[in-house]
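Here is the structure we will look at.
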Amino acid sequence: MNYENTEKLGLKPFELLLNQDRIGRRITELGRQITSDYSKETPVLVGVLKGCVVFLADLIRHIKLPLELEFVSAASYRRDSRREGQIVYGGAVAIPLEGRHVLIVEGVVDSGRTVSMILAEINKMKPASVEIVTLIDKPICHRSRLDIKYRGFSLGNEFVIGYGLDNTQKYRNLPFVGRLIEPK
């Protein structure tokens, strides 16, 4: 993608927030921390589609342990960058989680409603532990208290794109995290 021609492609302008090198270094650190914390375990990573895909793919390469992957889909953004009231949830974890150590992997935690809903569903399966892993956390947007153990970066209320995160299904393939620039 030629990032200089965004207007010709019908894309909104954006600015860089986190470059690829900085993201890579932080993911390496998160992988080391998870490896250390679960050194005698085989954790189950549950990726929240679609925003987790790029982050999760890079993260698992830095976790030096046996692990298992599962995916669920959940979304609260449907049109543009506005939140919808209803969370659309799909997919169920196929493997038994009772007594297992589970890591919910999100691309971004915004209000926290989506991850809270997934956390409640996973807790019904009686895991030994459940932790949240996110590339981007927006703590000022949380609607309830969330305990996020593995956080890549904390940002404000910016609508972020890139590195798996989208706006109307576009921008996911950007190798960095950017912020959409809203017209004035």
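Being touching a Gly at 6+ places or on another chain (Cβ under 9 Å) and either of a type in the set (Asp, Glu) or modelled with pLDDT of 95 or more (or both): is that true of ILE27 here? Walk me through it before giving the result.
Details: touching a Gly at 6+ places or on another chain (Cβ under 9 Å): yes; either of a type in the set (Asp, Glu) or modelled with pLDDT of 95 or more (or both): yes.
Spelling it out, ILE27 is indeed touching a Gly at 6+ places or on another chain (Cβ under 9 Å) and either of a type in the set (Asp, Glu) or modelled with pLDDT of 95 or more (or both).
How many residues does segment 117-139 contain that are of a type in the set (S, T, N, Q) and buried (at least 18 other Cβ atoms within 10 Å of the Cβ)? Steps first, answer last, please.
Here is the first cut: in segment 117-139, the residues of a type in the set (S, T, N, Q) are 123, 129, 134.
Restricting the remaining residues to those that are buried (at least 18 other Cβ atoms within 10 Å of the Cβ) gives 134.
Adding up the residues that qualify gives 1.
I need every pair where a residue in segment 48-62 that is surrounded by fewer than 24 Cβ atoms within 10 Å (Cβ to Cβ) has its Cβ under 8 Å from the Cβ of a residue that is of a type in the set (D, E, K, R) and not in a helix (DSSP H, G or I), sequence separation at least 6 or different chains.
LYS50/ASP166; LYS50/ARG172; VAL53/ARG172; VAL54/ARG172
For segment 80-116, give me each residue that is modelled with pLDDT of 80 or more, surrounded by fewer than 21 Cβ atoms within 10 Å (Cβ to Cβ) and polar (S, T, N, Q).
Correct list: SER111, SER116.
Could you tell me how many of the residues in segment 159-181 are in a loop (DSSP other than H, G, I, E, B), surrounded by fewer than 16 Cβ atoms within 10 Å (Cβ to Cβ) and touching a residue at least 24 places away in the same chain (Cβ under 8 Å)? Before the answer, list the steps.
If we filter segment 159-181 for residues that are in a loop (DSSP other than H, G, I, E, B), which is where we start, we get 159, 163-164, 166, 168-169, 171-176, 181.
Those left that are additionally surrounded by fewer than 16 Cβ atoms within 10 Å (Cβ to Cβ): 168-169, 173, 175, 181.
Restricting the remaining residues to those that are touching a residue at least 24 places away in the same chain (Cβ under 8 Å) gives 168, 173, 175, 181.
So the count comes out to 4.
If I go through segment 143-158 residue by residue, how many of them are surrounded by 13 or more Cβ atoms within 10 Å (Cβ to Cβ), over 17 Å from GLY24 (Cβ atoms) and at pLDDT 90 or above?
Within segment 143-158, the subset surrounded by 13 or more Cβ atoms within 10 Å (Cβ to Cβ) is 146, 148-155, 158.
Next, from what is left, pick out any that are over 17 Å from GLY24 (Cβ atoms): 146, 148-149, 154-155, 158.
This time we only want the ones that are at pLDDT 90 or above, so: 146, 148-149, 154-155.
Of the residues in that region, 5 qualify.
Considering only segment 41-64, I want to know if a residue exists there that is among the hydroxyl-bearing types (Ser, Thr, Tyr), closer than 19 Å to VAL102 by Cα and at pLDDT below 90.
To start, the set of residues in segment 41-64 that are among the hydroxyl-bearing types (Ser, Thr, Tyr) comprises 42.
From what's left, closer than 19 Å to VAL102 by Cα: 42.
Now narrow it down to the ones that are at pLDDT below 90: none.
Checked segment 41-64: no residue is among the hydroxyl-bearing types (Ser, Thr, Tyr), closer than 19 Å to VAL102 by Cα and at pLDDT below 90.
Can you name the number of the only condition in (1) in contact with a helix residue (DSSP H, G or I) (Cβ under 8 Å, 6 or more places away or on another chain); (2) closer than 23 Å to LEU165 by Cα; (3) modelled with pLDDT of 95 or more that ALA74 fails?
Checking ALA74 against (1) in contact with a helix residue (DSSP H, G or I) (Cβ under 8 Å, 6 or more places away or on another chain); (2) closer than 23 Å to LEU165 by Cα; (3) modelled with pLDDT of 95 or more, the one that fails is (3).
Of the numbered conditions (1) assigned to a strand (DSSP E or B); (2) within 19 Å of VAL44 (Cα to Cα); (3) in contact with a helix residue (DSSP H, G or I) (Cβ under 7 Å, 6 or more places away or on another chain), THR134 satisfies every one except a single condition; which is it?
Result: THR134 fails condition (3) only.
Six or more apart or on different chains, Cβ atoms under 9 Å: show the pairs whose first residue is in segment 118-137 and of a type in the set (Phe, Trp, Tyr) and whose second is at pLDDT below 95.
Partner pairs satisfying both residue conditions: none exist.
The values are calculated or read from the model by the stated rules, or taken from the named source; none is laboratory data. Remember, predicted model here, so these are calculated numbers, not experimental data. Ideal geometry is used to build each Cβ from the backbone, glycine not excepted, and the neighbour counts take in all protein chains shown.
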